[in-house]
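Peer 1: I am attaching a structure below and will ask some questions about it afterwards.
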Amino acid sequence: MTFIINNLEEIQLKIKKAANRVDRQVADVSIIAVTKQVSTERAIEALDAGLNQLGENRPEGLLEKRETITEGAVWHYIGSMQTRKVKQVIDKIDYLHSLDRISLADEIEKRATRIVNCFVQVNVSGEESKHGLQPEEVIPFIEQLSQYSRIRVVGLMTMAPNTEDLEVVRNIFKNLKKLQLEVENNGYAHAPCHDLSMGMSNDYEIAVEEGATYVRIGTALVGNERRDS
Ligand SMILES: *Cc1c(COP(=O)(O)O)cnc(C)c1O
């Protein structure tokens, strides 16, 4: 557990410095501990270290951990969601970070028994390999969602490309922020869109400087037991 505590202290310090550089409050940035590469035991250590937001990207990993961790965690589903898996997981998560198509919204509407907090995933970088809507599709998509009683759009999410060029990464985050403000300013009742889910182990400081309210950190925080072993 000291491993996670040490990582957490370092990350919190870096987030604080990044927030200070742009006059933001650290309280406005939540850390999601991405536990997809680690065991349930290590996820419990993360909770014990004070991290209560956990991120998983596969139904199997989520369901396995939820069997043991029955309370005290807020669950974020950060991976792309297959339509046929919705039924299994939708009532077991607090946030979905990967809403990217109407067919998925339809299935959520059909299966969820309560309102689901969703981030609309945006492919800002335009890479073919990435999931998410093109930026110009986002507003029409969100407007369509007003008819769905079980979907609340809390924010936008993106993944930056895996590049050494930090200015490219920064620009992607800046563009997502711009789009988030546009949606927020439209004042949709079903889409308050106050939040921005962006930043991972390699780029969370830039994400915080550019307005992230949720950073999704795996390797740098809880490690990667798949790779270690
Ligand atoms: C795996 C993953 C992360 C965390 O990645 P790290 O580089 O280990 O911090 C964040 N977001 C998504 C969508 C992921 O799949």
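The values are calculated or read from the model by the stated rules, or taken from the named source; none is laboratory data. Since the structure is predicted, the reported quantities are computational estimates derived from the model, not experimental observations. Note that we place each Cβ from the backbone using ideal geometry, even for glycine, and neighbour counts take in every protein chain shown.
Peer 1: Within the range 209-229, can you find the residues that are away from the ligand (no atom under 12 Å from the Cβ), touching a strand residue (DSSP E or B) at 6+ places or on another chain (Cβ under 7 Å) and not in a loop (DSSP other than H, G, I, E, B)?
Peer 2: Correct list: empty.
Peer 1: Tell me yes or no: at least one residue of the range 124-144 is modelled with pLDDT under 95, acidic (Asp, Glu), away from the ligand (no atom under 16 Å from the Cβ) and not in a helix (DSSP H, G or I).
Peer 2: yes
Peer 1: Of these, Arg227, Arg170, which one is in contact with a helix residue (DSSP H, G or I) (Cβ under 6 Å, 6 or more places away or on another chain) and touching a residue at least 40 places away in the same chain (Cβ under 8 Å)?
Peer 2: Values: Arg227 fails: in contact with a helix residue (DSSP H, G or I) (Cβ under 6 Å, 6 or more places away or on another chain).
Answer to the selection: Arg170.
Peer 1: Name the residues in the range 48-58 that are more than 14 Å from the ligand (Cβ to nearest atom) and under 27 Å from Lys87 (Cβ atoms), would you?
Peer 2: Asn52
Peer 1: Right, next: Take the range 59-73 and flag every residue that is surrounded by fewer than 14 Cβ atoms within 10 Å (Cβ to Cβ) and either within 16 Å of the ligand (Cβ to nearest atom) or among the hydroxyl-bearing types (Ser, Thr, Tyr) (or both).
Peer 2: Answer for the range 59-73, where residues must be surrounded by fewer than 14 Cβ atoms within 10 Å (Cβ to Cβ) and either within 16 Å of the ligand (Cβ to nearest atom) or among the hydroxyl-bearing types (Ser, Thr, Tyr) (or both): Glu60, Thr68, Thr70.
Peer 1: Out of all the residues in the range 181-200, which are crowded, with 21+ Cβ neighbours inside 10 Å and either within 14 Å of the chain's Cα centre (by Cα) or not in a helix (DSSP H, G or I) (or both)?
Peer 2: Within the range 181-200, Ala191, Cys193, Asp195, Leu196, Ser197, Met198, Gly199 qualify.
Peer 1: Within the range 101-110, identify whether any single residue is in contact with a Phe, Trp or Tyr (Cβ under 7 Å, 6 or more places away or on another chain), under 19 Å from Tyr148 (Cβ atoms), more than 16 Å from the ligand (Cβ to nearest atom) and among the aliphatic types (A, V, I, L, M), and answer yes or no.
Peer 2: Within the range 101-110 (the criterion being in contact with a Phe, Trp or Tyr (Cβ under 7 Å, 6 or more places away or on another chain), under 19 Å from Tyr148 (Cβ atoms), more than 16 Å from the ligand (Cβ to nearest atom) and among the aliphatic types (A, V, I, L, M)), the answer is yes, since at least one residue qualifies.
Peer 1: Residues Glu127, Glu45: which one is within 22 Å of Ile172 (Cβ to Cβ) and touching a residue at least 24 places away in the same chain (Cβ under 8 Å)?
Peer 2: Unique residue meeting the criteria: Glu127.
Peer 1: Across the range 12-42, which residue is surrounded by the most Cβ atoms within 10 Å (Cβ to Cβ) among those that are more than 13 Å from Tyr214 (Cα to Cα) and under 17 Å from the mean Cα position of the chain (by Cα)?
Peer 2: Thr35
Peer 1: Suppose we keep only residues that are among the hydroxyl-bearing types (Ser, Thr, Tyr) and within 21 Å of the chain's Cα centre (by Cα) within the range 149-164. Which one would you say is surrounded by the most Cβ atoms within 10 Å (Cβ to Cβ)?
Peer 2: Checked the range 149-164; the qualifying residue surrounded by the most Cβ atoms within 10 Å (Cβ to Cβ) is Thr158.
Peer 1: Cβ-Cβ distance below 9 Å, separation of 6 or more or different chains: which pairs start in the range 137-163 with a residue that is without any contact (Cβ under 8 Å) to a residue 40 or more places away in the chain and end on one that is assigned to a helix (DSSP H, G or I) and not basic (Lys, Arg)?
Peer 2: Close Cβ pairs (under 9 Å, with a partner that is assigned to a helix (DSSP H, G or I) and not basic (Lys, Arg)) amount to Phe141/Ile102; Phe141/Ala105; Gln147/Glu109; Pro161/Val168; Pro161/Val169; Pro161/Ile172; Thr163/Val169.
Peer 1: Sticking with this structure for a sec: Please specify each residue of the range 188-205 satisfying the condition of being free of Cβ contacts under 8 Å to residues at least 60 places away in the same chain, more than 10 Å from the ligand (Cβ to nearest atom) and more than 14 Å from Leu156 (Cβ to Cβ).
Peer 2: Ala189, His190
Peer 1: How many residues, within the range 35-56, are out of contact with any Ser or Thr (no Cβ under 8 Å at 6 or more places or on another chain) and under 14 Å from Tyr95 (Cα atoms)?
Peer 2: 1
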